[in-house]
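Report on the following structure.
The values are calculated or read from the model by the stated rules, or taken from the named source; none is laboratory data. Everything numeric here is computed off the predicted structure, so don't read it as measured data. Positions of Cβ are backbone-derived with ideal geometry, glycine not excepted, and every protein chain shown enters the neighbour counts. Note: accessible area is taken over every heavy atom of the protein model, side chains too, but ligands, DNA and RNA are not part of it. Shrake-Rupley method; radii C 1.70, N 1.55, O 1.52, S 1.80 Å.
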Amino acid sequence: MSIGLVAQPWWVNLLVLVPPLAWLSWRRSGVPLTTPQLFISGLFAAAFGFLEAVVVVYLRAAVGLLPGYQGTLSDVIRMSGESYVQTQAINQFPKSLLTLEVLREAATILMLLSVALLTSANSRARTAVFLWTFAIWDIVYYAALWATVRWPLSLKDPDVLFLIPAPWLSPVWFPLLVSVLALATVLVSRVSPPKS
């Protein structure tokens, strides 16, 4: 039963509130982050986003959901974009790979959290770096999927965002919107750290 929200389950829609709430909590004192901290954590996030997209391409090929994968990347691009529907593919995944996918997602969050914890001792800065890296990772993930297999065809295409604790479903534009808002929030909230 759909209740007319963008994402399912309903509480996934609340993610759009995370960036404005972060900004409200940071607006007085800002977030003490240096340009190198943002650059290096962003570089990690971009590389990780690309790696995640490649893993998804491999998974699609492994379960037979990627037409043309035995040819060139051009063959994959030409043949796969229109035939792949992410939300239907999750039902076709073997249970063993689905279990691994849940574990991969948990590892992804732990890796992004680890970078945030290593970046600063300040809790506001750690939270900001987590939002920053998550947003860059997410944007690069979708960009890399589009560049390699021409999916999504449209920002309206449905996607499975996460499987923990249950499948999160939404059109692609929704996580991209949250990511762009998170990047903007971190940038407008950033202040120079005090000199030690």
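Brief remarks on what is shown
- Taking the conditions (1) among the aliphatic types (A, V, I, L, M); (2) touching a strand residue (DSSP E or B) at 6+ places or on another chain (Cβ under 8 Å); (3) at pLDDT below 70 in turn, Met79 satisfies each one other than (2).
- Among the residues making up the stretch 174-196, those that are of a type in the set (Val, Ile, Thr) and either under 19 Å from Gly30 (Cα atoms) or open to solvent by 60 Å² or more (accessible area, probe 1.4 Å) (or both) are Val180, Thr185, Val186, Val188, Val191.
- Total residues in the stretch 27-43, condition farther than 14 Å from Val188 by Cβ, among the hydroxyl-bearing types (Ser, Thr, Tyr) and in contact (Cβ under 8 Å) with a residue 24 or more places away in the chain: 2
- Flag if Ser154 is open to solvent by 60 Å² or more (accessible area, probe 1.4 Å) and small (Gly, Ala, Ser): no
- Test: residue in the stretch 173-182 that is free of Cβ contacts under 8 Å to residues at least 60 places away in the same chain and either assigned to a loop (DSSP other than H, G, I, E, B) or over 14 Å from the mean Cα position of the chain (by Cα) (or both): no
- The number of residues in the stretch 110-131 that are in contact (Cβ under 8 Å) with a residue 12 or more places away in the chain and either more than 13 Å from the chain's Cα centre (by Cα) or open to solvent by 40 Å² or more (accessible area, probe 1.4 Å) (or both) comes to 13.
- Of all residues in the stretch 135-155, one or more are of a type in the set (Gly, Ala, Ser) and within 23 Å of Leu21 (Cβ to Cβ).
- Residue check, Leu59 touching a helix residue (DSSP H, G or I) at 6+ places or on another chain (Cβ under 7 Å) and either more than 26 Å from Ser120 (Cβ to Cβ) or surrounded by fewer than 17 Cβ atoms within 10 Å (Cβ to Cβ) (or both): yes
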